[in-house]
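Since the structure comes first, as structure tokens, the remarks are kept for the end.
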Amino acid sequence: MSWRTQVRAVLRICWFNGFLGLARSPLVLVALFLTPVSFLFFIYVLAPRSELPFGVVGGILFSCLFTGTGMMNDCAYLRLERQLQQVFISSPLRPISWVLGMALSQLVFTVPALVLFLTVLLLVTPVSALSFLALLGLIVLAWLLSASLGFLLSTFFRTLREIWPIGMIVFTSLSVIPPVFYPLAAVPADFRWVAFLAPSTFASQLAAHAVGLPVASVPSVPFLSSPAGLVVGLVGLTVLFIGVAMRFARWREP
Amino acid sequence: MDALRARSLSKVYDGRRGRVAALDHVDLDIRTGQLFGFLGRNGAGKTTFIKIASGLLIPTSGSVELFGVDVRTRVREVRERIAIVPQEGKPFYHLTPREHVEEYLLVRGASSETARDTTDRIVRAMGLTPYASTPAMFLSGGLQQRTLVAMVLASGAEFLFLDEPTLGMDPFARRQVWDVIRHAVRAGSTVLITTHYLDEAEQLTDELAVIEGGHVLYKGSAEALKSKVRREVRLHFDGGFSTQELTPFGEVYAERGGLTVMTTRSRVEELTRAALERRIAVTVGPVTLEEAFLTLVGRSIEEDEAEGGAT
Ligand SMILES: Nc1ncnc2c1ncn2[C@@H]1O[C@H](COP(=O)(O)OP(=O)(O)OP(=O)(O)O)[C@@H](O)[C@H]1O
Ligand SMILES: [Mg+2]
């Protein structure tokens with residue numbers, strides 16, 4: 001199959017799994033809105049008004065990272081419970097095209113939440129066109145990173161029962177514990193580097209730079225205080241996650 | 001040329017209950033264009049074989065080639081030429097039968113026109129027309145299974161792996177599936193099908209293999225299997241005989257409140273005379289494939305048990 005046919009296949013998967021899936025079970029939307037909107041609500045109620053943009057940016061990143069959970073659940077479900085992954089990859093379709101189609105579907109599920117948060121962001125704080133583009137770039141990176149991780153994990157489950165504890169552990173450490181919904185400045189200066197063990201911290205700090213929110217410095221690793229260092233870090237990690245997923249995802253049962 | 005060639009294929013699973021040899025040095029050839037049946041008890045190793053041959057499971061040792069291409073090392077080339085109905089696969093919840101077939105064909109690289117025409121044909125042939133626009137979550141189990149089988153058969157792939165494709169289907173639907181499978185074979189596909197419906201195997205397949213405990217016990221035609229077990233006649237007695245009395249004549253099964261014995265043509269007269277003397281009704285008929293299967297596998301189990309007892 002030529003690469004053009006593969007691209008068409010990716011878009012078809014995104015169409016029937018993503019768009020039609022969303023259109024026919026809109027409950028996905030509610031689920032996706034719920035967590036980031038409730039965090040935003042807490043920040044709105046508890047924090048000073050000036051902290052609100054943090055919450056909004058956090059909501060954007062959280063929604064992107066959530067594609068990883070979605071990817072992990074959906075791919076594991078389609079492989080283990082429906083056996084459809086087997087049906088689809090036992091064909092001229094490349095496995096990578098299947099993964100891309102699934103990842104794009106996750107993005108489709110997330111787009112409504114992203115549109116909402118981006119709109120709110122524009123309402124609460126001025127954002128230049130360049131910053132907006134930078135945010136979109138961040139969204140793509142965060143999506144690729146977490147979708148790769150989600151897919152990789154999905155290939156190791158043997159039953160659906162194993163999914164939720166792993167999902168909780170991995171995605172809580174990715175999106176709730178690190179400074180996604182709160183500023184890095186809240187972490188004592190000497191321990192800020194620890195937050196960078198989670199790739200999401202790179203994304204949240206870059207988002208803060210892009211939107212012009214106050215950014216905390218990382219005294220022990222100065223490299224992590226500059227936007228350039230953060231870009232290198234995030235792009236590097238994204239490439240690494242994609243590479244690891246492509247290399248180690250389990251396509252054949254052992 | 002052989003479409004499939006397995007050599008000394010073994011699979012050992014490391015399970016909770018220790019190591020399970022699901023396949024034990026299996027050799028098997030399937031010729032191009034054959035409609036090949038796989039029979040065997042639950043846990044015999046049929047699904048394991050299909051998963052390995054389709055590149056979904058890594059064997060412990062041995063090799064499989066599909067159209068001369070090694071499945072282990074060149075799985076990408078193999079995948080381009082196959083399609084599979086996994087055992088107990090299910091369709092997407094939210095898509096209709098029509099969408100399943102059409103989208104699957106498009107994803108496999110068919111042109112929009114071919115996809116549409118083939119979908120029309122398959123949906124009709126599989127009796128799915130009345131349900132063509134109903135999302136699968138509103139369809140009964142058998143209709144969902146038909147949807148899955150329809151999309152895979154529509155592919156017209158060179159090699160079709162069908163693992164219990166007619167599971168849960170009514171007798172009408174099964175016959176529709178048989179027709180579509182036969183159509184695919186006429187169009188050039190090679191088919192490996194597993195089934196627990198012995199009448200299906202008998203009516204559909206050109207050749208079959210019986211697998212038991214990871215070994216191929218038999219390979220050949222259904223007719224030849226019946227003569228191999230050297231039991232041509234089945235006699236059913238509505239009572240009046242004990243199992244011990246009948247065992248010297250052949251394999252005995254309790255059935256419909258009486259006993260059935262599988263025997264050779266030469267012993268029929270003796271048995272019917274005995275029945276008439278005791279004024280007991282007796283029915284005489286040809287041995288079915290199911291009975292030949294039961295006999296063959298039954299003997300193998302007995303041998304295993306005898307060996308197990310001796311050691
Ligand atoms: N993932 C696994 N882990 C451990 N053992 C397994 C696994 N899959 C199958 N087995 C074992 O391998 C053997 C063969 O199983 P297989 O699924 O191939 O049988 P089958 O002939 O398809 O049976 P059925 O008619 O029930 O579908 C069985 O003993 C089974 O318990
Ligand atoms: Mg099976």
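The values are calculated or read from the model by the stated rules, or taken from the named source; none is laboratory data. What you are looking at is a predicted structure, and each value in this text was computed from that prediction instead of being measured. With ideal geometry, Cβ positions are generated from the backbone for all residues, glycine too; neighbour counts draw on all protein chains shown. Each accessible area value is taken on the protein alone, full model and side chains, heavy atoms only, with ligands, DNA and RNA left out. Shrake-Rupley method; radii C 1.70, N 1.55, O 1.52, S 1.80 Å.
When the stretch A:233-254 is examined, which residues are found to be in contact (Cβ under 8 Å) with a residue 60 or more places away in the chain, open to solvent by less than 70 Å² (accessible area, probe 1.4 Å) and either part of a helix (DSSP H, G or I) or in contact with a Gly (Cβ under 8 Å, 6 or more places away or on another chain) (or both)?
A:L234, A:V235, A:L237, A:T238, A:F241, A:I242, A:V244, A:A245
Tally up the residues in the stretch B:170-197 that are surrounded by fewer than 22 Cβ atoms within 10 Å (Cβ to Cβ) and within 16 Å of ligand 2 (Cβ to nearest atom), please.
Count: 2.
Residue by residue, here is whether (1) open to solvent by less than 20 Å² (accessible area, probe 1.4 Å); (2) assigned to a helix (DSSP H, G or I); (3) touching a Phe, Trp or Tyr at 6+ places or on another chain (Cβ under 8 Å) holds:
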{"residue": "A:R12", "(1), (2), (3)": "no, yes, no"}
{"residue": "A:N17", "(1), (2), (3)": "yes, yes, yes"}
{"residue": "A:G21", "(1), (2), (3)": "yes, yes, yes"}
{"residue": "A:V45", "(1), (2), (3)": "no, yes, no"}
{"residue": "A:V56", "(1), (2), (3)": "yes, yes, yes"}
{"residue": "A:T69", "(1), (2), (3)": "no, yes, yes"}
{"residue": "A:N73", "(1), (2), (3)": "no, yes, no"}
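Output the residues belonging to the stretch B:9-31 that are surrounded by fewer than 20 Cβ atoms within 10 Å (Cβ to Cβ), out of contact with any Leu (no Cβ under 8 Å at 6 or more places or on another chain) and either within 27 Å of B:S189 (Cβ to Cβ) or not small (G, A, S) (or both).
Result: B:V12, B:Y13, B:D14, B:R16, B:R17, B:R19, B:V20, B:D24, B:R31.
Restricting to the stretch B:235-279, name every residue that is among the acidic types (D, E) and not in a loop (DSSP other than H, G, I, E, B).
Answer for the stretch B:235-279, where residues must be among the acidic types (D, E) and not in a loop (DSSP other than H, G, I, E, B): B:E245, B:E251, B:E255, B:E269, B:E270, B:E277.
For the stretch B:152-169, what are the residues that are within 14 Å of chain A (Cβ to nearest Cβ), open to solvent by less than 10 Å² (accessible area, probe 1.4 Å) and within 16 Å of ligand 1 (Cβ to nearest atom)?
Residues satisfying the conditions are B:F161, B:L162, B:D163, B:P165.
Checking the conditions here, which among B:V177, B:V191, B:V149 is within 21 Å of A:P92 (Cβ to Cβ) and either aromatic (F, W, Y) or more than 14 Å from every other protein chain (Cβ to nearest Cβ) (or both)?
After applying the criteria, what remains is B:V191.
Could you check how many residues of the stretch A:75-104 are open to solvent by 30 Å² or more (accessible area, probe 1.4 Å) and assigned to a helix (DSSP H, G or I)?
Summing the residues that are open to solvent by 30 Å² or more (accessible area, probe 1.4 Å) and assigned to a helix (DSSP H, G or I) in the stretch A:75-104 gives 7.
Select the helices (runs of 4 or more DSSP H) contained entirely in the stretch B:90-163, then report the ones holding at least 2 residues which are closer than 29 Å to A:W3 by Cα, without any contact (Cβ under 8 Å) to a residue 24 or more places away in the chain and more than 16 Å from ligand 2 (Cβ to nearest atom).
The helices (runs of 4 or more DSSP H) meeting that bar are B:97-107, B:112-125.
Residue check, B:P130 against (1) within 12 Å of chain A (Cβ to nearest Cβ); (2) open to solvent by 70 Å² or more (accessible area, probe 1.4 Å); (3) more than 16 Å from B:A184 (Cα to Cα), all met but one. Which one?
Failed condition: (1).
So, restricting to strands (runs of 3 or more DSSP E) that lie completely within the stretch B:1-86, which ones have at least 2 residues that are in contact with a Gly (Cβ under 6 Å, 6 or more places away or on another chain) and among the small types (G, A, S)?
B:2-15, B:18-31
Can you confirm whether the stretch B:210-229 contains a residue that is of a type in the set (D, E) and modelled with pLDDT under 90?
Within the stretch B:210-229, one or more residues are of a type in the set (D, E) and modelled with pLDDT under 90.
Which of the following residues is within 14 Å of chain B (Cβ to nearest Cβ) and among the small types (G, A, S): A:S2, A:S63?
Checking each option against the conditions leaves just A:S2.
Of all residues in the stretch A:23-43, how many are part of a loop (DSSP other than H, G, I, E, B) and open to solvent by 70 Å² or more (accessible area, probe 1.4 Å)?
Qualifying residue count for the region: 1.
Determine, yes or no, whether B:K51 is more than 9 Å from every other protein chain (Cβ to nearest Cβ) and within 16 Å of ligand 1 (Cβ to nearest atom).
no
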